[in-house]
Amino acid sequence: MSISASMQIAVNGLNVFRSANAVISQNIANVSTPGYSRQKAIIETAPTINLSGFTLGSGSMISKVERFHDALLQQQMANSNTTLGYDTAKSLALQQIEPAFNDIGVDGVGAALARFFASWQDLTNNPGGIAERQSVLSNAQILADDLHAASKTLTDMITLQNDSLTPVIDDINIKLKEIARLNQQVTTTEMISGNANEVKDKRDLLLLQLAKQIGITSTENSDGTVDVELVGGGEALVTGANAGIFSLDKTTDLNSYKVELIPAKGTLTSKVNLTSTLSTGSLGATLALRDEIIPKDYLAKLDTLATTLATDINTQHSALNEAFDLNANQGINFFNQSYTKTGDITAGSDTVIISDVTNLTDGMQVTGTGIPIGTFIGAIAAGSFTLVNAKGDAVKATATVSVTTLTFDGTAAAFSINSSMSTYTVAASSQNSNAGDNLNAVKIAGFANKRLMSSGTLTYNGYWNALISKMGLDVNSSKTNVAQDEAFNNQLSVLKDSTAGVSLDQELSDMMMYQRSYQACAQVISTATAMMDTLLGIVR
């Protein structure tokens, strides 16, 4: 091997170890950068050369800059993030509505129920007493107010979940578009034999963030791009440089947006409704809270308590020949409750024509053909009322129907005292000829200890306490799930850091090794230069 060949090998070595040190510097500089994966310069023997029949080495070269990455671990972290996203969103929402079910001291539905029946018990001692009768009405109003407050907390949370879909969908679309852009950047970079490691790190970080919102699976292709699909249905979210687009259909029901998707490379005609199928990530939790958990697990049970209580009290308070007021008149309904009436609706109109508006109140839920789900009475006028959603926005009928049956549900939100009730119309007596009789008041007071809820297994307070217990258990369970999810997520992060994370000790060790190698190459050049000088001296 000639002296010049030795010098060339040493020069190549200088370049190799300088580049290797540059990679280490990049690692050290990004030791705290979220999502950054450790890189390493892979040094290999340079191609050999043939000289005078001998095969000689030509030094070393960097074949590639390797990125430490585990695709399986990446998907596991994505799945873990999806579970964490769902449980966190659910837990936060439940914790916000929990105070509405906490009977602290003398406040809350449970305490109001106890006071309401206690006032009836007091009335049995003095059935003709105006003060006792007023106490019954006052405690009934307190009970109604507490039911309204609990119901409003739940309906407000349902509305909040629905409204939160807009920023969530916008953020998901931004991430999908950015992932598609990074795919294009990876393709362009690798086509010219460039290093796209940092771009892939950014993309992986985005995928983990996206996974917290919706369940996804990602597959890396041979060209370096990743295809992203929705868990469950398999709809394409990102294909190469093309991104799908999520949208909200707000035209059908302003209080219950529909989530739709145009898949990657799709068109408007390929739009699919995913509202009922999205069940993972924070988006899935938001939909579940809006459509299932809050309405069915809590609000429906609260409404059942209100309607059952109203029905039972009304049945006894207006029982024929068994309930009479202070003026010896037949007792009337104490509370407003569900009614069925007929009316006329017109498609595109928010007004219902109805001849009888007796016992209807603002806020009652109304159902019927052509009326969207989740519709309530807005304002009542003579012979008509308007339709609104839970937010108070106008709701338009979807069909024209004459003399249609309308059902007005006595929900907790509409639970109220009959406007015809007064101290004189409280029916405490069971005889129209004896205002001092207390038998009807005794019967109603006795409802407090009767098992009239849950198919005759629970009292009113027992039913409410069971609902409180369920809320408490659900909140504690959700907190436990979040804690477990975070612990598992941390374990996966530690596992990733052990393979792909930057270790300063390792980097400094490698840097010293490359530094010594660089110095050795420089010494080879010095030695070769001295040899060349000696040779030239001989020639001279």
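Only the coordinates and a few stated rules stand behind these numbers; no lab work does. It should be emphasised that the depicted structure is a prediction, and the values quoted were computed from it without experimental measurement. So basically every Cβ, Gly included, is an ideal-geometry build from the backbone, and we count neighbours across all protein chains shown.
For this structure, a couple of remarks:
- Whether region 1-152 is rounded, prolate or oblate, judged on the alpha carbon gyration tensor where a/c under 1.5 counts as rounded: prolate
- Structure-derived percent of Cα pairs over 38 Å apart - corresponding label in [x] 39; [y] 65; [z] 53: [z]
- Where labels lie 7 Å past Cα in the beta-carbon direction, separation of MET512 and SER349 in nm: 8.9
- Taking other residues whose beta carbon is less than 15 angstrom from the beta carbon of SER138, and scoring Lys, Arg as +1 and Asp, Glu as -1, yields -2.
- With the convex hull drawn around the C-alpha atoms of region 377-523, the volume per residue stands at 334 Å³.
- Distance from region 176-241 to region 485-509 (C-alpha centre basis), Å: 22
- Test item: Cα-centred dipole of region 281-375, Lys/Arg +1 and Asp/Glu -1 on Cβ, debye: 180
- For region 511-517, 3J(HN,Hα) per residue [Karplus equation, 6.51 cos²θ - 1.76 cosθ + 1.60, θ = phi - 60°, Hz, x = Gly/Pro]: 5, 5, 5, 5, 5, 5, 5
- Each principal axis of the Cα atoms in region 169-281 has its own extent, and those three values, largest first, are 52, 27, 22 angstrom.
- In degrees, nearest ten, helix 109-125 long axis to first principal axis of the chain (Cα): 10
- Measuring against 28 Å, Cα to Cα, the residue pairs LYS40/LYS212; LYS152/LYS175; LYS152/LYS479; LYS391/LYS450 contain LYS40/LYS212; LYS152/LYS175; LYS391/LYS450 as the ones spanning a longer distance.
- Counting other Cβ atoms within 10 Å as a rough exposure proxy, the listed residues ASP350, ASP325 run ASP350, ASP325 from fewest neighbours to most.
- Other residues whose C-beta falls under 15 angstrom from the C-beta of LYS341 contribute a net charge of -3, scoring Lys and Arg +1 and Asp and Glu -1.
- Region 54-121 and region 360-402 have Cα centres lying 38 Å from one another.
- Each Lys and Arg adds +1 at its Cβ and each Asp and Glu adds -1 at its Cβ; summed about the Cα centre, region 341-409 shows a dipole of about 80 debye.
- Sorting LEU176, LEU439, LEU206, LEU508 from the fewest to the most surrounding beta carbons within 10 angstrom yields LEU508, LEU439, LEU206, LEU176.
- Computed from Cα atoms, the angle from the helix 71-97 axis to the main principal axis of the chain rounds to 30 degrees.
- Phi to ³J(HN,Hα) by Karplus 6.51 cos²θ - 1.76 cosθ + 1.60 over region 29-35, Hz, x for Gly, Pro: 5, 10, 4, 10, 7, x, x
- Under a 5 Å amide H cut-off, with hydrogens placed 1.01 Å from N, GLY501 pairs with ARG38 among residues at least 5 apart or on other chains.
- Inverse mean reciprocal Cα-Cα distance (Kirkwood Rh) of region 341-409, Å: 11.4
- Rounded to 10°, Cα long-axis angle of helix 300-317 versus longest principal axis of the chain: 0
- ³J(HN,Hα), Karplus 6.51/-1.76/1.60, whole Hz, each residue of region 424-437, x for Gly, Pro: 7, 9, 5, 8, 9, 9, 9, 10, 6, 9, 9, 5, x, 6
- Region 300-373 - Rg over Rh from alpha carbon coordinates, Kirkwood radius: 1.07
- Rounded to the nearest 500, the helix-only mean residue ellipticity at 222 nm of the chain stands at -17000 deg cm²/dmol, with each DSSP H run of n ≥ 4 adding -39,500 (n - 2.57).
- Region 400-503: trypsin sites (Lys or Arg not before Pro) falling in loop per DSSP and having at most 15 other Cβ within 10 Å: LYS450, ARG451
- Hits among aspartates and glutamates - C-alpha to C-alpha of LYS202 under 14 Å, sequence gap 8 or more where chains match: GLU178
- Semi-axes of the equivalent ellipsoid of region 77-204 are 62, 13, 6 Å, computed as sqrt(5λ) over the eigenvalues of the C-alpha gyration tensor in descending order.
- Net charge of neighbours whose Cβ lies under 11 Å from the Cβ of ALA300, counting Lys and Arg as +1 and Asp and Glu as -1: -2
- Remark on LEU458: its backbone amide H falls under 5 Å from those of LEU452, MET453, a criterion applied only to residues 5 or more positions apart or on other chains, H modelled at 1.01 Å from N.
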